[in-house]
Amino acid sequence: SGWTDENKQMEGESFSLRAATIKTSIEVWGKYPITGCGFGNFSMNQDKEILYAHDSFFATLSETGIIGNMMYVSFFLMILISIIIIKKKGLQKNTSEELAWLFGLVPYMFAQLFMINFFTANYLVFPHLWIYVGFILWTLNRVFVENNINVVKIYFNNNHLKKIGRL
């Protein structure tokens, strides 16, 4: 396994499996290009013994179609753009020391999530992906809020909160 001198092409079980999985994902997506085959239905829409797409980009493409894939990719792009804005404007310097320290973790965590989810495995449905994403979004939001930059605020109706409190 590895690089061969003769044809300079990569070989090996892992690479072959990933290449086959990507090809199968594209085939499944070709059947349902707009909406995909349905979340979690990858294995039922192909005739090979591949249970799931092995990276989240092709998993969302085949299971949710171009619409879901574009939303998924834009989600990561939004995080990346927010990180770039904060770094470019030096906004993390105007926050508490703790928040500035936490923001220092964000680019590393984002790079790790990006590499794991787009190139090595399909962790789309695993909780630890969304825990990382939640931490990243919370940190980015706190940096924007502490710098008085407009963010989308979601409020619950007070009556609704009172009803929840009585449960």
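The values are calculated or read from the model by the stated rules, or taken from the named source; none is laboratory data. Predicted model only: the values in this text are computed from it and were never measured. All Cβ positions, glycine included, derive from the backbone under ideal geometry; neighbour counts span all protein chains shown.
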Review point. Considering only residues of region 27-56 that are among the aromatic types (Phe, Trp, Tyr) and within 18 Å of the chain's Cα centre (by Cα), which is farthest from residue 67 (Cα to Cα)?
Key: 52
Revision key, fill the gap. Restricted to region 36-52 and to residues being part of a loop (DSSP other than H, G, I, E, B) and in contact with a helix residue (DSSP H, G or I) (Cβ under 6 Å, 6 or more places away or on another chain), the residue surrounded by the most Cβ atoms within 10 Å (Cβ to Cβ) is 36
Study note, to complete from the structure: If we ask which residues in region 53-94 are crowded, with 17+ Cβ neighbours inside 10 Å and either modelled with pLDDT of 80 or more or touching a Gly at 6+ places or on another chain (Cβ under 8 Å) (or both), their number turns out to be 20
Study note, to complete from the structure: Filter region 15-35 for residues that are loosely packed, with under 12 Cβ neighbours inside 10 Å and among the small types (Gly, Ala, Ser); the one that is modelled with the highest pLDDT is 30
Practice item. Check whether at least one residue in region 54-72 is free of Cβ contacts under 8 Å to residues at least 60 places away in the same chain and in a loop (DSSP other than H, G, I, E, B), and report yes or no. Key: no
Review point. Could you count how many residues in region 75-113 are among the hydroxyl-bearing types (Ser, Thr, Tyr) and part of a helix (DSSP H, G or I)?
Key: 2
